[in-house]
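Below is one structure, written out as structure tokens, with a few remarks after it.
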Protein chains: 2
Amino acid sequence: MPRINGERLLADLRRIADFGRYQTGVHRPHLSPQDVESRHWLAGRMKEAGLEPVIDGVGNVIGRSPKTGPRLLMGSHTDTQPRGGWLDGVMGVIYGLEVARALAEDPDTAHLAVDVASWADEEGHWGGMIGSKSFIGRITEADVDNARHRDDGSKMRDALKAAGLDKAPRIELEDGRYRCYLEAHIEQGGVLEHTGKRIGVVTAIVGIYQYRLTFSGIQNHAGTTPMPIRKDAGVAMMRLYNEVMERFPALAGPRSVWTVGKMSIEPGAPAIIPGKAEMILQFRDADVAVLKRLEACLLEIVDAHGKRGPCTIECVNLGRTMPAPMEERLQEALDEAAEKHAGGQHMRMPSGAGHDAQILAQRLPAAMMFVPSIGGISHHFTENTADADIVLGCQVFADAAAKILKSN
Amino acid sequence: MPRINGERLLADLRRIADFGRYQTGVHRPHLSPQDVESRHWLAGRMKEAGLEPVIDGVGNVIGRSPKTGPRLLMGSHTDTQPRGGWLDGVMGVIYGLEVARALAEDPDTAHLAVDVASWADEEGHWGGMIGSKSFIGRITEADVDNARHRDDGSKMRDALKAAGLDKAPRIELEDGRYRCYLEAHIEQGGVLEHTGKRIGVVTAIVGIYQYRLTFSGIQNHAGTTPMPIRKDAGVAMMRLYNEVMERFPALAGPRSVWTVGKMSIEPGAPAIIPGKAEMILQFRDADVAVLKRLEACLLEIVDAHGKRGPCTIECVNLGRTMPAPMEERLQEALDEAAEKHAGGQHMRMPSGAGHDAQILAQRLPAAMMFVPSIGGISHHFTENTADADIVLGCQVFADAAAKILKSN
């Protein structure tokens, strides 16, 4: 079985963290100058590892193995959240690179082919998982034309041009090329740490339903408008949110989560009754039946509150991603490798976060593996994972990859 | 009794609305170029009316009558909220000007003296009621030095210099100069309209208690953090607000109001559990005992929620203004004049909004009179009052002023 080189792995992770370093983390949104630089560096490291790298028309970096044996695809993403962590995404890409190197260095596995990918814009600065969606053929040139930056509304096309990628073709998956897709990632939560495990084998990536709720009342003076005649949009929002929090637990599955991460009231002055309020509510579960139950409950609450007034409520669905079950056979290979290197310290678990694997799973058998996040912290520059866990995870991943490629 | 000139009154109101006109309203924050221009125009109109105008060291425009008979002070403010209405404040100033003119034109009242004031910064761009506070001696030069614009943090001193007012002294109230202070204002609410009245005689200006509540939890990933271990600051805020809305009605007086006009959660992304949330809660009543009951209830809720967790709550009092009762004798004069010109169409009512009269009331007997706001709309460019109501109000005000000045 291949032996990964832990020092080389950690050195590569530390080196790529130089691109956009921010305190102990990294600020490297997709197609930022630091992101583009990091893609060229990654392509160079792929080349040194014997892969043939290409940066494609949306920014995907794909290192293709020239070998002709059984082949699998490994990857994740190297872009980050604003002021994000140094491992989120990039760890899975460097795992792919290290696994390719480790397989090549072992005569027993040197014929096995691993292609390694860094998918563009997983973090959604231009839309979300544009790279993996492009790779499986789910987006068109018009989608790229229309993509705008979520913060400043600038065109993705202009950013691609600035990066010198406007002439590059988009690379699409060739049918039959891969046995499967494997992705490793930090957990981004605290389940592994809380349960004393070091490896998580992902059973499914949860589906996410997301709604925008807009409450319209009447803006007025907070001193002169008697309580009975107010139409306070902030109060209407608070009441609906309260009912969601009261009713969802009875309908949820054991791992369901629901969140209001964004809310605002207008005009937002202490002495003005809010005339408008808005919140975004999302809920996640690995079971579509649970998602549908929560959705039905939400719509019922919205309907009842809208009818009761005094504010009107607009309820817009912003997206429904389906839960993506991971391939059982691949989970077993990961279990087995984990048991070998960390006996009893692995567990199966759903992924509460979205990952490129849910996109690839639409065209390929797919699997994911987690390593623990210290304190469960994620999407923050203090995100971290113990070096020993990073190295262990890569070894498990390499073993599982070899096993899968060598199986009939 | 004096006869006011309705056409002249309306013409002046329409003319001053040119300074900073915004749609059907006015954008004229204190010391903006438009505000400074309007003060010079107002000083000119005062001079034409036989008053001796001065613009003082904080921007107060005070037109002093050269007459030596019994004297009263009338005024309000000509600055506006951002994109505010054309009458809020300025109507009371032009009423003062018109009453001074009408008294002078009637031989029976020509000896009576009215000083007219436009108080600086009633709307609080630099602090709130700075002009009237300065006039009664409640602020120091150091306070003016320290005053900063609420939006951009610029210095009031610099704005005064730009307006050419840095060398002007601040004018202070001379003891014994006035019998009383009278202020007219639009109601800014819908009570007069709802009850079919045309004149409101103010019994008291409510006190305002204001609190900032800050909830601290733990920011985390909305997909990977199980519900039971979350410390969601947004949920904590919503729960506390909900309890305030449930418990306040039983403790409130018939005219109490309470409002959350400002709230936010951080970092404010749909997929991130808020680690911090903040809201500003204010409550108003004309009875200090009611304010104290509501305050005690709020503090009890904060304490209970803080103890229950999982978020910590910081509760900071941002201010307590005391209710300001209006002088009974002056209310009677207003009642009487209203009954004469609009029999049965007047009522007594508290003012839910703050006004310069609450400041002046600390040094002088004070009274206020309201005219109806169409649709109760205020602090918005669509604010309006029927012309006939504007004219009626001024006539009532003139009669009351004459009555007060002629009484022994």
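The values are calculated or read from the model by the stated rules, or taken from the named source; none is laboratory data. In this text, all values refer to a predicted model and were calculated from it rather than measured experimentally. Neighbour counts are summed over all protein chains in view; Cβ atoms, including those assigned to glycine, are modelled from backbone coordinates with ideal geometry. Side chains are part of the model used for accessible areas, which takes the heavy atoms of the whole protein and leaves out ligands, DNA and RNA. Shrake-Rupley method; radii C 1.70, N 1.55, O 1.52, S 1.80 Å.
Points to keep in mind about this one:
- Two-decimal ratio, segment A:127-216, of alpha-carbon radius of gyration to 2.2 N^0.38 Å: 1.52
- A straight chain from A:T195 to A:R177 at 0.36 nm per residue would run longer than the Cα-Cα distance by 2.7 nm.
- Test item: A:232-240 mean partner chain Cβ contacts at 10 Å: 4
- Within the shell defined by Cβ-Cβ distances under 14 Å, the residues around A:T140 carry a net charge of 0, with Lys and Arg each +1 and Asp and Glu each -1.
- 10 Å Cβ neighbours from other chains, averaged over peptide A:269-280: 5
- Dipole magnitude for the protein assembly as shown: about 320 debye, using +1 per Lys or Arg Cβ and -1 per Asp or Glu Cβ, origin at the Cα centre.
- Shortest first, A:S154 label-point distances to identical copies amount to 2.9 nm, with the label point at 7 Å from Cα along Cα→Cβ.
- Projected area, mean over directions - segment A:1-143, Cα convex hull, nm²: 8.3
- Fraction of antiparallel bridges per DSSP, the protein assembly as shown only, in percent to nearest 5: 70
- Contact order, relative form, for segment A:190-271: 28 percent (alpha carbon pairs under 8 Å, 6 or more residues apart, mean separation divided by residue count).
- Area hidden from solvent between A and B (accessible, protein heavy atoms only, 1.4 Å, total, Å²): 4100
- Relative contact order, percent, segment B:207-320 [alpha-carbon distance under 8 Å, six or more residues apart]: 46
- Each copy carries a label point for A:E336 at 7 Å from Cα toward Cβ; from one copy, the others' points are 10.4 nm away, ordered from shortest.
- Of all the options A:R284, A:R320, A:R198, the one that moves most in a Gaussian network model of chain A with Cα springs shorter than 10 angstrom is A:R320.
- Rg and Dmax of segment A:316-408, based on Cα coordinates, read 15.0, 48 Å.
- Taking packing as the residue-averaged number of other Cβ atoms within 10 angstrom, the listed peptides B:122-134, B:22-34 run from highest to lowest as B:122-134, B:22-34.
- P(r) tail for segment A:207-321: Cα pairs beyond 25 Å make up 25% of the total.
- When the inverse distances between all different Cα atoms of segment A:253-376 are averaged and flipped, the Kirkwood radius reads 18.2 angstrom.
- Evaluated at q = 0.08 Å⁻¹, the base-10 log of the normalised Debye intensity for chain A, with identical point scatterers placed on the Cα atoms, takes the values -0.47.
- Relative packing of peptides B:84-94, A:241-251, B:99-109 - highest average C-beta neighbours within 10 Å first: B:84-94, B:99-109, A:241-251
- Pairwise FRET efficiency - A:T382 versus A:V54, Cβ, R0 = 35 Å, nearest 0.05: 0.55
- Helix-only mean residue ellipticity at 222 nm for the protein assembly as shown, each DSSP H run of n ≥ 4 adding -39500 (n - 2.57), per residue, nearest 500: -11000 deg cm²/dmol
- Considering only B:P228, B:P66, B:P350, the Gaussian network model of chain B with Cα springs below 10 Å gives its largest mean-square fluctuation to B:P228.
- Shape analysis of the protein assembly as shown yields a ratio of the Cα radius of gyration to the Kirkwood radius, Rg/Rh, of 1.13.
- The mean count of C-beta atoms from other chains within 10 Å of the C-beta of residues in A:252-262, rounded to a whole number, is 6.
- Screening chain B for whole DSSP H helices of 24 Å or more along their axis (Cα) with average Kyte-Doolittle hydropathy at least -1.0 returns B:233-251, B:288-308, B:387-406.
- Chain B - percent relative contact order, Cα under 8 Å, separation 6 or more: 23
- Plainly put, segment B:331-372 has a radius of gyration that is 1.01 times its Kirkwood radius, both from alpha-carbon atoms, as the Rg/Rh ratio.
- At 0.692 mPa s and 37 °C, Stokes diffusion of segment A:68-146 via Kirkwood alpha-carbon radius, µm² per second: 236
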